[in-house]
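The values are calculated or read from the model by the stated rules, or taken from the named source; none is laboratory data. Computed from a predicted model, the values in this text were never measured in an experiment. Quick reminder, even Gly has a Cβ in these numbers, built from the backbone with ideal geometry, and neighbours come from all protein chains shown.
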Amino acid sequence: MLLAIATASVAGCERSPAIPDRLDDSTFWALSRDLSEPGGYFHSDNFVSNELGFQYVIEDIRSVGAGGVYLGVGPDQNFTYVAALKPRIAFIVDIRRPNMMQHLMYKALIEMSRDRAEFLGRLFSRRWPEPPEPGLPAEALFTLLSDLPRDTALFQSTLGAIYSHLAHVRAFPLDSEDRASIAFVFGAFFQAGPALTYSSNLSRGFGSRNMPSYRMLMTATDQDGVNRSYLGSDEAFGVLKDLQERNLIVPVVGDFGGPRALRAVGDWVRQHGAAVNVFYVSNVEQYLFQQGEAWQRFYESVSSMPLDRRALFVRSVSLRGWRLRQHPYARSSSVTSSIREVLAMYRSGWLQSYGDILEMAR
């Protein structure tokens, strides 16, 4: 019976309101607000990912099929998975409210930009003397961008345009703290440029600590040498832009070990006759196993969700001490495992540690 709950089907979909093709602005804001918990603490500003091998699971993600519901955590690495999966809707759940504001910053910049080059120019406050030709590889775009100086006036005008787009075009009621968070994040992209890393910090400087930069992440490839990032092609960026414009990438403030946000997302998905098919958790489970019963609350929350029978967890795992899928970058690897199998092991009592989770990874 418990396993049946964990892998709940979406029977009766015909009686449930389907996920709409787009959310209006007031519905988007209310959904983000109502699903959220109070914000919490994380030790890093986490402007960008530190997971250079994140594209190695793209084919695994695509194997579950398009048209489901995507869940994720953290900043823009989610965009690459979303562009590959093409879900009906995506929810990005993170314990930090500033992460929500960073996603709203991205939302505004993507919606205001016609293409990848315009987006990069806005994101890093670089003014193109003339638009680059369409279809360039990401590496070529970043090489051209590197020759452009950062532009303080463009930074100020773009920050104002972000506020205006969110508050007036989208009519999101941002308060002064939300605006300050957006300014803080956008300022980091201005100061560090494409060299911005996970360890970059406005108060402590922008040392890389051997972390991959934004440029490295966006020009990385999968194991076959193909760049699958959301800036890797015009097509991938177009998928992302379309979902953003239809308000179908919803940021949520929530603790994975908390009482409400994940369950609320699952309830909404169930009410709309859909199912989760990819859940990108990064290495959050590692922290949950260090916080008493938080890991158990997490798996109980996931058990309450409607799950596709092929649903996958996507994780980032340190290669230090673990023999996992290898790739040219030695720090970490991205791996997947069946959500159904993980929950079955949890219910059986076999799952007791983060090491047990890694033994199931592939």
Could you check, for segment 143-157, whether at least one of its residues is of a type outside the set (F, W, Y), assigned to a loop (DSSP other than H, G, I, E, B), surrounded by 13 or more Cβ atoms within 10 Å (Cβ to Cβ) and in contact with a Leu (Cβ under 7 Å, 6 or more places away or on another chain)?
no
Evaluate segment 58-75: report whether one residue or more is part of a loop (DSSP other than H, G, I, E, B), surrounded by fewer than 23 Cβ atoms within 10 Å (Cβ to Cβ), out of contact with any strand residue (DSSP E or B) (no Cβ under 6 Å at 6 or more places or on another chain) and modelled with pLDDT of 95 or more.
no
Does segment 34-49 include one or more residues that are in a helix (DSSP H, G or I), out of contact with any Cys (no Cβ under 6 Å at 6 or more places or on another chain) and at pLDDT 95 or above?
yes
Out of segment 78-98, which residues are modelled with pLDDT under 95 and buried (at least 24 other Cβ atoms within 10 Å of the Cβ)?
none
Just give me the residues in segment 237-253 being in a helix (DSSP H, G or I) and either surrounded by 17 or more Cβ atoms within 10 Å (Cβ to Cβ) or among the aromatic types (F, W, Y) (or both), in sequence order.
F237, V239, L240, K241, L243, Q244
Taking the criterion of being in contact with a Pro (Cβ under 9 Å, 6 or more places away or on another chain) and farther than 13 Å from L71 by Cα, would at least one residue in segment 276-295 satisfy it?
no
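Pull up segment 158-178, narrow it to residues that are of a type in the set (G, A, S) and in contact with a helix residue (DSSP H, G or I) (Cβ under 8 Å, 6 or more places away or on another chain), then point me to the one that is surrounded by the most Cβ atoms within 10 Å (Cβ to Cβ).
Of the residues in segment 158-178, the ones of a type in the set (G, A, S) are 160-161, 164, 167, 171, 176.
Cutting the leftovers down to in contact with a helix residue (DSSP H, G or I) (Cβ under 8 Å, 6 or more places away or on another chain) gives us 161, 171.
Details: A161: 16, A171: 12.
Per the stated criteria, the residue is A161.
For the structure I just gave you, tell me whether P131 is farther than 29 Å from R263 by Cα, modelled with pLDDT under 95 and not charged (D, E, K, R).
Judged against the criteria, P131 is a match.
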A careful count of residues in segment 254-291 that are crowded, with 22+ Cβ neighbours inside 10 Å, part of a loop (DSSP other than H, G, I, E, B) and out of contact with any Leu (no Cβ under 8 Å at 6 or more places or on another chain) gives 2
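Here is a yes/no grid of residues against (1) aromatic (F, W, Y); (2) at pLDDT 95 or above; (3) in contact with a Lys or Arg (Cβ under 6 Å, 6 or more places away or on another chain); (4) not in a strand (DSSP E or B):
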site	(1), (2), (3), (4)
H165	no, yes, no, yes
F172	yes, yes, no, yes
A180	no, yes, no, yes
A183	no, yes, no, yes
G187	no, yes, no, yes
S199	no, no, yes, yes
S203	no, no, no, yes
S208	no, no, no, yes
M211	no, no, no, yes
Tell me whether segment 124-136 contains one or more residues that are in a helix (DSSP H, G or I) and either crowded, with 17+ Cβ neighbours inside 10 Å or more than 13 Å from the chain's Cα centre (by Cα) (or both).
no
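Considering segment 269-316 alone, what residues qualify as being β-branched (V, I, T) and either under 19 Å from S353 (Cβ atoms) or in contact with a helix residue (DSSP H, G or I) (Cβ under 9 Å, 6 or more places away or on another chain) (or both)? Please lay out each step first, then the result.
Just the residues of segment 269-316 that are β-branched (V, I, T), to begin with: 269, 276, 278, 281, 284, 302, 314.
Correct list: V276, V278, V281, V284, V302, V314.
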